[in-house]
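Read the structure below first, then the notes.
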Amino acid sequence: MTTKLEKAPVAEQRPYSFERHGYTISDPWHWLKDQSYPKIDDEDVLAYLKEENRWFEQNMAGQKALTETLFEEMKARIKEDDSSVPQKDGDWTYWTRFDEGAQYRKWYRKRAVEGSEELLILDENALAEGKEYFRLGAFSVSPDGNLLAYSYDDNGSERFDVHIRNLVTGEELPDIIPGTLSSLVWSADSQSLLYGLANANWRTDNARLHVLGTDVSKDIELYKEEQDGFTVGIGLTQSEKYITIATGDNETSEVRLVPANDPTADPILVSRRQKGREYSVEEHDGKLYILTNDDHVNFRLASASIDNPGEWTTVIAGSDEFYLTGMTAFRQFFVTEGRQNGLDQVEIRSWSDPSDVQRIAFPEASYNAGLSNNPEYDVDKLRLSYESMVTPDTVYDYHLADKQLETLKVQEIPSGYDAELYATERLAIKARDGAMVPVSLVYKKGTRLDGSAPLHLYAYGAYGYAVPPSFSTSRLSLVDRGFIYAIAHIRGGDDLGREWYLQGKLMQRTNTFNDFVDVAKGLAAKGYTSEGRISASGGSAGGELMGAVVNSDPDLWGAVVAHVPFVDVLNTMLDDSLPLTPGEWPEWGNPITDKAAFEYIRSYSPYDQVSAQDYPPMLITGGLNDPRVTYWEPAKWTAKLRATKTDGNMLLMKMNMGAGHGGKSGRWNRVQETAEEFAFILWQMGMTKPSE
């Protein structure tokens with residue numbers, strides 16, 4: 001029997017300090033970073049993490065019934081034996097299916113002719129059997145349809161082993177490639193496979209070619225990136241004529257092309273890298289199409305000949321109003337995607353006259369929409385995905401001939417769902433510097449907007465990722481209990497264009513945190529909630545956001561959940577031996593060489609800015625095998641908060657000892673963790689019922 005802990009674990013303080021730019025930084029919890037990392041075997045470190053997990057379990061035990069109630073609610077909204085909409089790719093049609101009760105998918109295909117037999121080609125459940133963690137990585141069928149290359153990670157470290165299966169015989173080939181971190185792209189003759197290995201620092205700095213039947217040690221290195229911080233990605237143009245080998249960091253990119261029918265040919269360098277310039281490449285009829293931010297922050301589309309790939313001619317000029325985010329080339333037309341006034345747009349354009357635009361109309365004022373799975377090059381309809389905060393995930397085919405949307409599937413909610421019971425709004429809240437920050441809301445109709453309602457506020461706010469106003473079945477467990485659920489589209493994301501992202505990075509990073517706080521205060525001022533009745537959550541860089549706002553405005557929040565939080569920002573950005581650090585300097589700044597960046601990061605780094613004040617109730621999560629936000633960031637932050645804060649509010653940390661950045665794997669395990677999160681919020685907000 002496990003002895004009950006009388007009080008929260010206390011991580012001892014061990015003297016440690018360093019000097020940089022004339023400052024002495026003391027870090028008495030530095031020892032929680034195992035010095036043999038990535039091997040984690042320090043008994044003191046593991047003992048502390050296990051004690052924190054015991055404290056979590058002990059304190060959440062009283063919420064076990066509520067957690068189970070929430071889990072059953074969430075599970076009842078998920079169709080257990082769900083299937084994706086089949087999609088044709090060449091001679092075959094492909095789809096996935098969940099069996100009732102299963103944690104993972106099965107992958108199927110059948111001949112693209114009427115009456116064909118369905119064939120199971122991959123069962124994730126069988127691959128995951130007996131494993132604490134499983135995540136499928138790449139999935140790629142060869143052009144001739146006979147082989148499947150797939151990769152998986154079974155410990156959360158995000159190093160994927162590649163396997164190849166003969167889909168005709170069902171046999172596994174002896175070719176196994178360990179330690180990859182990339183997509184898998186076949187050569188046109190289906191005899192070789194391109195991939196990238198993760199190096200010692202968990203960076204993909206290479207593109208390699210494996211010829212089937214040869215020893216992996218003899219694989220050919222097609223490209224090696226020498227610049228620290230740049231990572232290499234492998235792709236395929238929509239025409240499948242060229243393989244793309246792209247390298248870059250968060251602000252600069254460079255692309256090479258190799259013919260898919262001759263991958264060892266000399267690569268075609270499209271245009272040599274220029275700091276601050278990003279571009280991507282498509283191909284149509286021997287001409288290249290380049291999406292780039294070289295002369296407008298919101299990107300333009302240019303063209304170039306394959307013989308002179310660096311000479312770019314504008315096809316679609318950059319626009320202050322329209323943020324051009326993507327371009328896909330099809331045989332008869334091309335599609336541009338982007339955002340206008342923060343809303344997704346999908347536009348079909350003619351090769352002969354790109355100014356002839358056919359914009360697809362969507363039915364709601366706020367939504368999330370875009371191209372879905374469109375593997376073929378010559379098509380007369382487009383597969384689209386669509387959802388809003390009140391409309392479940394919907395799959396459409398858009399027929400180009402009659403410009404009509406055909407509904408193929410609407411997400412089924414077995415326990416029932418009536419969109420008419422809910423309202424959604426999109427507001428703009430003024431931030432302290434005058435910027436108008438969009439906010440997406442959903443709540444149950446009849447909710448009193450007099451300041452009495454609890455409100456949950458979510459955001460991410462980094463890397464130019466725009467959090468979409470999408471649908472969530474699990475979110476209903478808060479909304480049905482009276483919560484207003486809000487997504488703050490703060491700077492750091494690119495919701496309102498590329499400039500919106502740039503205003504939340506580097507030396508403007510604190511705009512992100514201020515926006516979140518100002519949205520919370522603005523929603524309270526408008527009567528949607530009141531200060532102290534607001535719960536908040538975010539993960540990774542969104543966890544950094546949580547750390548910043550509990551430091552700056554602790555009284556605003558009734559409960560805060562920070563998932564795998566990037567909170568030890570200064571120490572991480574000073575450690576160039578960590579996997580991600582050099583590639584992150586364009587996002588956060590380089591405090592090693594730049595004193596101003598050092599001082600600015602230190603001024604907001606959540607771990608460094610913990611102070612002797614009252615903090616709200618907090619739940620912090622981490623993953624022992626997480627290569628993105630290393631486990632010691634949440635661990636050190638928790639330890640410092642315990643030693644420093646002046647309140648008696650609940651502080652819990654849950655460290656997943658067999659998982660990584662995404663938490664536990666498997667759909668029911670993920671639902672269970674969401675149920676725990678919501679139970680913590682309801683408990684700390686005083687909204688639990690005896691029956692739960």
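The values are calculated or read from the model by the stated rules, or taken from the named source; none is laboratory data. All values reported here derive from a predicted model rather than from experimental measurement. With ideal geometry, Cβ positions are generated from the backbone for all residues, glycine too; neighbour counts draw on all protein chains shown. The area values use the complete protein model at the heavy-atom level, side chains included, leaving out ligands, DNA and RNA. Shrake-Rupley method; radii C 1.70, N 1.55, O 1.52, S 1.80 Å.
Okay, here's what the table says:
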{"item": "Using θ = phi - 60° and Karplus 6.51 cos²θ - 1.76 cosθ + 1.60, couplings along the range 466-473 (whole Hz; Gly, Pro as x)", "result": "8, 6, x, x, 9, 8, 9, 6"}
{"item": "Extension gain from MET650 to LYS131, taking 0.36 nm per residue of separation minus the Cα-Cα distance", "result": "183.6 nm"}
{"item": "Accessible surface, the range 226-353, averaged per residue in Å² (probe 1.4 Å)", "result": "42 Å²"}
{"item": "Cα long-axis angle, helix 510-525 against the chain (0 to 90 degrees, to the nearest 10)", "result": "70 degrees"}
{"item": "Largest to smallest accessible area among TYR465, TYR458 [probe 1.4 Å]", "result": "TYR465, TYR458"}
{"item": "ILE316 - accessible surface, heavy atoms, 1.4 Å probe, Å² rounded to 10", "result": "30 Å²"}
{"item": "Rg [Å, one decimal], Dmax [Å, integer] - the chain, C-alpha atoms", "result": "25.5, 75"}
{"item": "Equivalent ellipsoid, the range 1-76 (semi-axes from 5 times Cα gyration tensor eigenvalues, Å)", "result": "35, 16, 14"}
{"item": "Which of GLU114, GLU80, GLU68 is most accessible, then next, and so on - probe 1.4 Å", "result": "GLU114, GLU68, GLU80"}
{"item": "Cα lying deepest toward the dipole's positive end in the range 589-681, options GLN613, LEU652, LEU624, charges on Cβ", "result": "LEU624"}
{"item": "The range 470-499-the range 569-593 distance, computed between alpha-carbon centres (Å)", "result": "29 Å"}
{"item": "Rounded to 10°, Cα long-axis angle of helix 595-604 versus longest principal axis of the chain", "result": "60 degrees"}
{"item": "For the range 311-394, diffusion coefficient by Stokes-Einstein and Kirkwood Rh (Cα), 20 °C, 1.002 mPa s, µm²/s", "result": "154 µm²/s"}
{"item": "Share antiparallel - DSSP beta bridges, the chain, percent rounded to 5", "result": "85 percent"}
{"item": "Computed over the range 1-70: relative contact order in percent, which uses C-alpha pairs under 8 Å that are six or more apart", "result": "28 percent"}
{"item": "Between the range 154-220 and the range 47-67, the Cα center-to-center distance that results, in Å", "result": "40 Å"}
{"item": "CD proxy at 222 nm, helix term only [per DSSP H run n ≥ 4: -39500 (n - 2.57); per residue of the chain; nearest 500]", "result": "-5500 deg cm²/dmol"}
{"item": "Within the range 416-439: backbone nitrogen closer than 20 Å to the ASP81 label point (7 Å, Cα to C-beta)", "result": "416"}
{"item": "Between 0 and 90°, nearest 10: helix 43-60 axis offset from the chain longest Cα axis", "result": "80 degrees"}
{"item": "Candidate residues THR180, THR24: accessible-area rank, largest first, probe 1.4 Å", "result": "THR24, THR180"}
